[in-house]
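The values are calculated or read from the model by the stated rules, or taken from the named source; none is laboratory data. Not measured: the values here are computed from a predicted model. Counting neighbours? That spans all protein chains shown, and the Cβs are built from the backbone with ideal geometry, glycine included. The protein model used for the area step is the full one, side chains on, heavy atoms only, and it has no ligands, DNA or RNA in it. Shrake-Rupley method; radii C 1.70, N 1.55, O 1.52, S 1.80 Å.
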Amino acid sequence: MKYSLEGVQLNFKNEDIINKYFIDDTILLVGNKFKSEYRIKSTQKILFLKYKSVTFNIFTSVLYLNRFIEFSKYKKTEFNNYNKLINIQSSNSYLQAAYDNLYQIINFMSFDEDTNKTFFENNNKRYNTEMNFRIENLKKDSYNKELIKIINNFYKNHMKKLRFYNNYVKHNGHLEEYEDDTTSIYQIDLDKENVLSSLERGLINVYNGVNPINSKAAKGYKVDLNELSKVLQVAIDELLHILDMVMENYIDDSYRGLIRIYNQTI
């Protein structure tokens with residue numbers, strides 16, 4: 001489907017790329033009916049398929065980042081802080097996927113037409129190729145050498161920090177935004193004769209934030225969420241720009257023709 005950023009509070013210079021190369025699956029089939037010399041090739045079908053993967057993940061990253069912005073406007077509560085954290089982490093996670101998908105495009109574009117025909121017609125073979133792919137094994141050629149260099153620079157300038165945070169959550173713990181290593185605790189006087197009742201009375205203070213006491217506490221990995229959101233926004237915009245370069249490097253006239261046909265029908 002085509003994506004709409006209507007209502008999204010974030011601005012991206014390259015937001016048009018998210019739909020620039022999109023065509024409906026029905027239009028894709030039209031390409032099979034062209035004369036043989038203009039017929040859409042399997043390699044171009046794979047290009048379209050992987051483009052959809054990248055844009056799905058970028059668009060989802062944008063939506064989660066936008067939800068983070070929305071929750072940042074509300075007063076600080078445990079619920080709002082939780083939502084800020086899960087939305088910004090989700091945005092980061094989907095951006096990681098989009099970045100990895102770019103390498104998948106380049107990998108599939110390194111195969112010949114017959115091989116890509118097999119991948120397009122046999123999902124399981126394509127899945128296995130995707131899951132077994134490793135960046136270090138990517139075959140470099142005259143078509144992708146410069147693109148790989150650009151993507152590597154993008155990683156160093158933008159993704160390295162984001163991937164650190166993402167991997168920390170995946171493998172080690174959780175993120176938190178806090179000013180120091182303290183937390184708020186509340187006095188609860190236990191009645192040995194009726195522990196449950198005294199706990200219920202004491203928890204009223206907890207729920208209403210009455211007379212909090214600062215106490216030393218272990219915390220998740222500290223992160224400045226506002227700074228992280230800015231890094232994410234810049235990275236998303238730059239990744240869209242790189243996606244445009246990748247597509248322009250591999251798209252052929254038949255695919256372009258289908259884009260023109262699709263745009264005339266909507």
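For the reader, a short list of remarks on this structure follows.
- Selection within region 65-114 - aromatic (Phe, Trp, Tyr) and open to solvent by less than 40 Å² (accessible area, probe 1.4 Å): Phe68, Phe71, Tyr99, Tyr103, Phe108
- Taking the criterion of being in contact with a helix residue (DSSP H, G or I) (Cβ under 6 Å, 6 or more places away or on another chain) and polar (S, T, N, Q), the residues of region 73-87 that qualify are Asn80, Asn83, Asn87.
- Residue list for region 146-168, filter: out of contact with any helix residue (DSSP H, G or I) (no Cβ under 7 Å at 6 or more places or on another chain) and modelled with pLDDT under 90: Phe164, Asn167, Tyr168
- Failed criterion for Gln104 (all others in (1) closer than 18 Å to Ile18 by Cβ; (2) out of contact with any helix residue (DSSP H, G or I) (no Cβ under 6 Å at 6 or more places or on another chain); (3) polar (S, T, N, Q) hold): (2)
- Looking across region 199-248, the residues that are at pLDDT below 75, open to solvent by less than 40 Å² (accessible area, probe 1.4 Å) and not in a loop (DSSP other than H, G, I, E, B) come down to Gly202, Ser215.
- Candidates in region 33-43 are the residues that are among the hydroxyl-bearing types (Ser, Thr, Tyr) and surrounded by fewer than 16 Cβ atoms within 10 Å (Cβ to Cβ); of these, the one that is farthest from Asp16 (Cα to Cα) is Ser36.
- Qualifying residue in region 103-114 (condition: part of a helix (DSSP H, G or I) and under 30 Å from Val223 (Cα atoms)): yes
- Some residue of region 170-188 being open to solvent by 50 Å² or more (accessible area, probe 1.4 Å), in contact with a Leu (Cβ under 7 Å, 6 or more places away or on another chain) and either not hydrophobic (A, V, I, L, M, F, W, C) or not in a loop (DSSP other than H, G, I, E, B) (or both): yes
- The set of residues in region 9-37 being among the hydrophobic types (A, V, I, L, M, F, W, C) and within 18 Å of the chain's Cα centre (by Cα) consists of Leu10, Phe12, Ile17, Ile18.
- Hey, Leu196 modelled with pLDDT under 90, in contact with a Lys or Arg (Cβ under 8 Å, 6 or more places away or on another chain) and over 30 Å from Thr26 (Cα atoms) or not: no
- Odd one out for Tyr74 among (1) under 18 Å from Asn101 (Cβ atoms); (2) assigned to a loop (DSSP other than H, G, I, E, B): (1)
- Residue within region 44-56 that is farther than 30 Å from Val231 by Cα and either open to solvent by less than 20 Å² (accessible area, probe 1.4 Å) or not in a helix (DSSP H, G or I) (or both) present: yes
- The set of residues in region 124-142 being open to solvent by 70 Å² or more (accessible area, probe 1.4 Å) and either assigned to a loop (DSSP other than H, G, I, E, B) or closer than 28 Å to Leu29 by Cα (or both) consists of Asn124, Lys125, Tyr127, Asn128, Met131, Arg134, Lys139, Lys140, Ser142.
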